[in-house]
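First up is the structure itself, then whatever we jot down about it.
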Amino acid sequence: MIQASQNVAMLIPCFVDQMNPQIGFDMAAVLQRIGYGVEFEEQQTCCGQPAFNTGYWKEARPLAERFVHLFREKEIVVCPSASCTTMVRNFYPELLANSPWHDDALELGKRVFEFSEFLVNVARVTDVGATFAHRVTYHDSCHALRELHLKQPPRELLGHVRGLEVVEMKYSEECCGFGGTFSTKFSMISAAMGDTKAGNVEACGAEFVTSVDPSCLMQIDGILRRRKSPVRTIHLASILACSPDPSQPSRKRADRERAR
């Protein structure tokens, strides 16, 4: 177990950096709240997952090598995305099999953790002092569940949030239909899968649906809005960042989301 005075480096995914940077700020706030220092490597770029998943391994390899070069000296790397964590930990060794960076990639993968995984399994913290007085359901993203085998850590964290009621949706483990470029290449199938997921979210009576993958939340959010649903999406980090102090901006975010 690492000590709470130790610094951790943040792997910030493209979807977070370009579309919802608040997730990164919220993750940093939670890590700092429980005693960790936070480092952000400004030179980091895409981990290469979109190209890799689409079959463009030649194009993905330089991105992976760059990532390993930038992060190989970091003792702990934490990421608010199960899919990007999976890319580095599970797929870099295969992608870089014939690269001089292969061994470094193997070692780095052992030190890269998804955010909820880090909190529960590494830092051994399940109560981060958050308050979020809403009914929340959890979506099991494919990478979190099937690649990282993370079923309980996010739920343990939600279970310790003051005022929060966890409501399980039907078929929470079913794919939301995003799948990266799958959603553009097979848009009709993707939309149908997403519509089923959105229906299950609404049926459980939740006010918010959360997950540990920003891309899944983007997919679900778009479909919920097209359905004119009152349910909103929120990343797990943003729930955990909510402070019991009503003067804090983090406490007000939920109210803004409800009004959107």
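Numbers for the structure displayed
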{"item": "T131 vs. criteria in contact with a Pro (Cβ under 6 Å, 6 or more places away or on another chain) and over 17 Å from S81 (Cα atoms)", "result": "yes"}
{"item": "Residue in the range 170-186 that is charged (D, E, K, R) and assigned to a strand (DSSP E or B) present", "result": "no"}
{"item": "Positions within the range 18-33 being surrounded by fewer than 16 Cβ atoms within 10 Å (Cβ to Cβ) and either touching a Phe, Trp or Tyr at 6+ places or on another chain (Cβ under 7 Å) or at pLDDT below 95 (or both), in sequence order", "result": "Q18, M19"}
{"item": "Any chance A254 is modelled with pLDDT under 95, part of a helix (DSSP H, G or I), under 21 Å from V30 (Cβ atoms) and out of contact with any strand residue (DSSP E or B) (no Cβ under 6 Å at 6 or more places or on another chain)", "result": "yes"}
{"item": "The range 218-233, residues that are without any contact (Cβ under 8 Å) to a residue 40 or more places away in the chain and not in a loop (DSSP other than H, G, I, E, B)", "result": "D221, G222, I223, L224, R225, R226, R232, T233"}
{"item": "Tally of residues being part of a helix (DSSP H, G or I) and open to solvent by 20 Å² or more (accessible area, probe 1.4 Å) across the range 73-92", "result": "3"}
{"item": "Matching residues in the range 68-88 - criterion: being farther than 19 Å from D26 by Cβ and either in contact (Cβ under 8 Å) with a residue 40 or more places away in the chain or among the hydroxyl-bearing types (S, T, Y) (or both)", "result": "V68, F71, K74, E75, T86, M87, V88"}
{"item": "Hey, V8 touching a residue at least 40 places away in the same chain (Cβ under 8 Å), surrounded by 14 or more Cβ atoms within 10 Å (Cβ to Cβ) and part of a helix (DSSP H, G or I) or not", "result": "no"}
{"item": "Conditions (1) touching a Ser or Thr at 6+ places or on another chain (Cβ under 6 Å); (2) at pLDDT below 95; (3) open to solvent by 20 Å² or more (accessible area, probe 1.4 Å): number failed by S190", "result": "(3)"}
{"item": "Cβ pairs under 8 Å, 6+ apart, first in the range 125-142 and under 13 Å from R155 (Cβ atoms), second open to solvent by 40 Å² or more (accessible area, probe 1.4 Å) and not in a loop (DSSP other than H, G, I, E, B)", "result": "T126/E156; T126/G159; V136/E165; V136/V166; T137/V166; Y138/V166"}
{"item": "Residue within the range 41-59 that is surrounded by fewer than 21 Cβ atoms within 10 Å (Cβ to Cβ), over 19 Å from the mean Cα position of the chain (by Cα), touching a residue at least 60 places away in the same chain (Cβ under 8 Å) and in a loop (DSSP other than H, G, I, E, B) present", "result": "no"}
{"item": "Selected residue (only one of L119, L106, L70, L95 is open to solvent by less than 10 Å² (accessible area, probe 1.4 Å) and more than 14 Å from the chain's Cα centre (by Cα))", "result": "L95"}
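The values are calculated or read from the model by the stated rules, or taken from the named source; none is laboratory data. All values reported here derive from a predicted model rather than from experimental measurement. In this analysis, Cβ positions are derived from the backbone assuming ideal geometry, glycine residues included, and neighbour counts consider all displayed protein chains. Note: accessible area is taken over every heavy atom of the protein model, side chains too, but ligands, DNA and RNA are not part of it. Shrake-Rupley method; radii C 1.70, N 1.55, O 1.52, S 1.80 Å.
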